[in-house]
1. Which one of ASN163, ASN203, ASN193 is more than 27 Å from SER261 (Cα to Cα) and among the polar types (S, T, N, Q)?
2. Can you tell me which residue among LEU201, LEU145, LEU222 is within 22 Å of CYS283 (Cβ to Cβ) and hydrophobic (A, V, I, L, M, F, W, C)?
3. I need the full set of residues from the range 245-267 which are outside any loop (DSSP other than H, G, I, E, B), in contact (Cβ under 8 Å) with a residue 40 or more places away in the chain and within 25 Å of ASN193 (Cβ to Cβ), in order please.
4. Output the residues belonging to the range 226-284 that are surrounded by fewer than 21 Cβ atoms within 10 Å (Cβ to Cβ), within 24 Å of LEU145 (Cα to Cα) and either among the acidic types (Asp, Glu) or in the same structural domain as ALA173 (by TED's automatic domain parsing) (or both).
5. Among the residues of the range 71-86, is there at least one that is acidic (Asp, Glu), within 12 Å of the chain's Cα centre (by Cα) and not in a loop (DSSP other than H, G, I, E, B)?
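The values are calculated or read from the model by the stated rules, or taken from the named source; none is laboratory data. Quantities reported herein were computed from a predicted structural model and do not represent experimental measurements. With ideal geometry, Cβ positions are generated from the backbone for all residues, glycine too; neighbour counts draw on all protein chains shown.
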Amino acid sequence: MKWILLLLFTLPFSSVQAQNIYSKDYGNKDNPPIIFIHGGPSGNATLFEATTAEALANKGFYVIVYDRRGEGRSKDDNATMTFKESFDDLLQIYKTYNLKKANILGHSFGGIIATLFTDQYPQKVSSLTLVGALFSQQETYDHILHQAKEKFKNDPSKLKQINDIDSLNKNSAEYRKSCYDIASELNFFTMPNQTPKSQQLRNDYNASDFYKNNFRNPSSPLKFYKNEAQNNLDNKDMLKNIKKKGIPIFAIYGKDDGIFSEKQINDLIHITGKENFKLVDNCSHYLFVDQQDEFLKFIVHHRH
């Protein structure tokens, strides 16, 4: 009976494969469209899709998720991992779902893609929402390594490892990966205190087919840094220009997301305005799992 009820109350969706792009839509096509852009390079939308896509659709949105070409479920050995290719994938999503404009949600590295896309195709974007999104990459890397040096200041071997990372080419995949490895070691991506709901969401995800399809292409970052001339970006000025074009910018970040400094958060608040920004307590990088109710409330409140 439980499964019958679940089937009865599950929103209709369709799955689409086009140009090697995995995508799926949730909810009523007449509702305001939202496109979710996942992190990476080497990411996918499985966690968001499994935990949050349908919950967001239930709030009155038409939600579309997809995995970029060569990442996640959009397997493609010929993918180049460039921003242009990411834009082409996103334009294909607009075409596939007959969208003229959409609200864009960019998570983590997906926030960089979302910002660049909005700047280049402002006529296609109703609003831009940054969700724990990168926007000034070098500041993030500097902050991670500074925190690590403080943490391990009495551990000579660890301190040498951190200094070795700091001496790497700042535009290399190795540098980026090493910074995030240290951030993970410092639990920067982990919420301080799991709630019953966040634990249940993660347990359900780990037991789902979405988790089984949580494919991460290890060659993605290497290809990106080889083929994409633009990296290690600071998009603060671009965000200001997007706002000047009349496109609303919203931002929601976890108070315990250790990869962002206080200065970065304040810079972003200055850009979005306090009314369009939220810092969520007991919440790290994956806001839509850590504090899903707060995340959904924020998106609904800023419905566009």
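1. Of ASN163, ASN203, ASN193, the one residue that is more than 27 Å from SER261 (Cα to Cα) and among the polar types (S, T, N, Q) is ASN203.
2. Going through LEU201, LEU145, LEU222 in turn, the sole match is LEU201.
3. ALA251, ILE252, TYR253, GLY254, GLN264
4. Answer for the range 226-284, where residues must be surrounded by fewer than 21 Cβ atoms within 10 Å (Cβ to Cβ), within 24 Å of LEU145 (Cα to Cα) and either among the acidic types (Asp, Glu) or in the same structural domain as ALA173 (by TED's automatic domain parsing) (or both): ASP234, ASP256, GLU262, ASP267, ASP281.
5. No, the range 71-86 has no match at all.
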